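A quick write-up on the structure given underneath.
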Amino acid sequence: MIKYFALHSSLSSNDFALNKLKKYNLYSEEINIINDNQRIDFANENIIYSVVFILTGGTESLAQSIIDNSSMKSLIVAFDNENSLPASIELRTYYKDNPKVEMFHFRYDNLDQCRENYNSIIEVYKKAQQITKMNFGLIGGISDWLIGPKRCNFPPTFNINLINIELKEVLDIYHQSSIDDINSTLDKWSNTFNTSNIDKLELEKSAKLYYALYIITKKYKLSALTIKCFDLLKHKVTACLALAELNRNGLIAGCEGDTQALYTLVLAKAITNQIGWMANVSDIDAEENLLTLAHCTVPIDFLAFQKRISLDTHMESNLNLAINGHLNNENVTILRIGENHQTYSIMEASVIDSSMGNKDICRTQAIMRINEDDSWVDNLIGNHQIVLKGLHKDKITAFLNRFSH
């Protein structure tokens, strides 16, 4: 969580500190006002992100103790007068090689703009909190054909906890589940999907897999998961509907054990508050700036028609069930994070066609016109791209730049 500290010299009073915070429209009850003679019991503090208001000089050592005990990132906030700025510069100089520490200067003669800039920084910190120390589940490992995710771990920025889970544990729950465990899911799906020509047994298999994955998320307290889904095919079940349902219920779920794509999905959710569509690059027309994406699963909320969505079989195996959804013609952002926050691809685009009915690519299909110069083709990272509704390039880039280490 973010913790706020307002530091002042013992030569000035708490009332002075309170009034200065109010002068800059910064006061709130969550701010801890402390003078340089006081000490903080860090054994009882869990400081992940800290905002340190330097109200006066003489507070550098106290600020240093807070920053050194903040596990993620610290913002030093300087003000006019009372030697706040020189004290802040002293701190900034000490931490000049530390990417976890940054400084912001509030100028009273430009208060409105400063407030706007400060709020944008705090908003980024709040979004970063959503990712910090998350539990990610990797079920069954990474698919053999995915090279990138095997080469690197998650960026250390957010201390993500990757939990390796055997596929057998999911399958044991799957095989032991009963019709009573899945009735509510089947009822929900009857209002979501067009099931008139679908074998009831196939729906039940997908619902049982969703139930098994749901139990696993609770057991391991997962916020996100990815599954090596092609290993399910020998059991005549696919993960396509189960993952869509997990995403609809707010748990970020990806396929093929692609941990980099999963991380991108999580980052995108924190920044834009939407769960993106993870899709394969299926075709590129560089001359026309067109990119075709397709996948057999898609978040329900991403689709244009969220009732009576068509179902099909899984493309590669022709087994069980997959989603044949339709996307609106609208603006989108296409994103993929690579090995760290300094390696990424972000493009703004517009959907110009969907549901093309190509039997040789995955079932949910869309053609995007990329609103970039043609260098985007060479800058693509990985097979799986994450698609978000709306134009978010500036917002995502600002976030990545702030957490680029």
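The values are calculated or read from the model by the stated rules, or taken from the named source; none is laboratory data. All values derive from a computational prediction rather than experimental measurement. Ideal geometry is used to build each Cβ from the backbone, glycine not excepted, and the neighbour counts take in all protein chains shown. Quick note on the areas: whole protein, heavy atoms, side chains included, nothing else; ligands and nucleic acids left out. Shrake-Rupley method; radii C 1.70, N 1.55, O 1.52, S 1.80 Å.
Identify all residues within the stretch 358-371 that are in contact with a strand residue (DSSP E or B) (Cβ under 8 Å, 6 or more places away or on another chain) and part of a loop (DSSP other than H, G, I, E, B); write none if there are none.
Passing the criteria: N358, I361, C362, R363, N371.
From the residues in the stretch 321-357 that are within 30 Å of E202 (Cα to Cα) and of a type in the set (S, T, Y), which one is surrounded by the fewest Cβ atoms within 10 Å (Cβ to Cβ)?
Ranking the qualifying residues of the stretch 321-357, first place goes to S355.
Could you please find all residues in the stretch 116-140 being open to solvent by 20 Å² or more (accessible area, probe 1.4 Å), small (G, A, S) and at pLDDT below 95?
The one that is open to solvent by 20 Å² or more (accessible area, probe 1.4 Å), small (G, A, S) and at pLDDT below 95: S120.
Every residue in the stretch 176-201 that is part of a loop (DSSP other than H, G, I, E, B), in contact with a strand residue (DSSP E or B) (Cβ under 8 Å, 6 or more places away or on another chain) and under 16 Å from N320 (Cα atoms), please.
Within the stretch 176-201, N194, T195, I198 meet the criteria.
Within the stretch 61-90, which residues are charged (D, E, K, R) and not in a strand (DSSP E or B)?
D68, D80, E82, E90
Which ones in the stretch 141-150 are over 27 Å from Y211 (Cβ atoms), within 21 Å of the chain's Cα centre (by Cα) and open to solvent by 30 Å² or more (accessible area, probe 1.4 Å)?
K150
Of the residues that sit in the stretch 241-258 and are open to solvent by 10 Å² or more (accessible area, probe 1.4 Å) and assigned to a helix (DSSP H, G or I), which one is nearest to S190 (Cα to Cα)?
Here the residue is R248.
Looking only at the stretch 299-314, count every residue that is assigned to a strand (DSSP E or B) and either out of contact with any strand residue (DSSP E or B) (no Cβ under 8 Å at 6 or more places or on another chain) or open to solvent by 40 Å² or more (accessible area, probe 1.4 Å) (or both) and tell me the total.
Summing the residues that are assigned to a strand (DSSP E or B) and either out of contact with any strand residue (DSSP E or B) (no Cβ under 8 Å at 6 or more places or on another chain) or open to solvent by 40 Å² or more (accessible area, probe 1.4 Å) (or both) in the stretch 299-314 gives 1.
Any residue at all in the stretch 294-312 that is under 14 Å from L243 (Cβ atoms) and of a type in the set (D, E, K, R)?
yes
Looking at I76, I33, I67 in this structure, which one is at pLDDT 95 or above, open to solvent by less than 50 Å² (accessible area, probe 1.4 Å), more than 26 Å from L400 (Cα to Cα) and not polar (S, T, N, Q)?
Matching residue, one of I76, I33, I67: I33.
Is it the case, given these coordinates, that L18 is part of a loop (DSSP other than H, G, I, E, B) and surrounded by fewer than 19 Cβ atoms within 10 Å (Cβ to Cβ)?
Against the criterion (part of a loop (DSSP other than H, G, I, E, B) and surrounded by fewer than 19 Cβ atoms within 10 Å (Cβ to Cβ)), L18 does not qualify.
Look at I47 and say whether it is crowded, with 18+ Cβ neighbours inside 10 Å and part of a loop (DSSP other than H, G, I, E, B).
yes
Quick one: how many residues across the stretch 203-228 are assigned to a helix (DSSP H, G or I) and among the basic types (K, R)?
So the count comes out to 4.
Considering only residues that are farther than 30 Å from A128 by Cβ, in contact (Cβ under 8 Å) with a residue 24 or more places away in the chain and open to solvent by less than 40 Å² (accessible area, probe 1.4 Å), which ones fall in the stretch 151-197?
L167, V170, L171, I173, Y174, S177, I182, T185, W189, T192, F193, T195
Quick check on this structure: which one of I361, I323, I309, I300 is more than 26 Å from the chain's Cα centre (by Cα), touching a residue at least 40 places away in the same chain (Cβ under 8 Å) and within 24 Å of K208 (Cβ to Cβ)?
Exactly one residue qualifies, and that residue is I309.
Please name all residue pairs, on different chains or six or more residues apart, with Cβ atoms under 9 Å, provided the first residue is in the stretch 125-137 and is in contact (Cβ under 8 Å) with a residue 24 or more places away in the chain and the second residue is part of a strand (DSSP E or B) and basic (K, R).
Y125/K73; A128/K73
Would you be able to say whether some residue in the stretch 372-392 is surrounded by fewer than 18 Cβ atoms within 10 Å (Cβ to Cβ), assigned to a strand (DSSP E or B) and of a type in the set (V, I, T)?
Scanning the stretch 372-392 turns up no residue that is surrounded by fewer than 18 Cβ atoms within 10 Å (Cβ to Cβ), assigned to a strand (DSSP E or B) and of a type in the set (V, I, T).
Can you pull out the residues in the stretch 276-298 that are within 18 Å of T192 (Cα to Cα) and open to solvent by 10 Å² or more (accessible area, probe 1.4 Å)?
T297
Could you grab me the full set of residues in the stretch 208-237 that are of a type outside the set (A, V, I, L, M, F, W, C) and open to solvent by less than 20 Å² (accessible area, probe 1.4 Å)?
T217, T226
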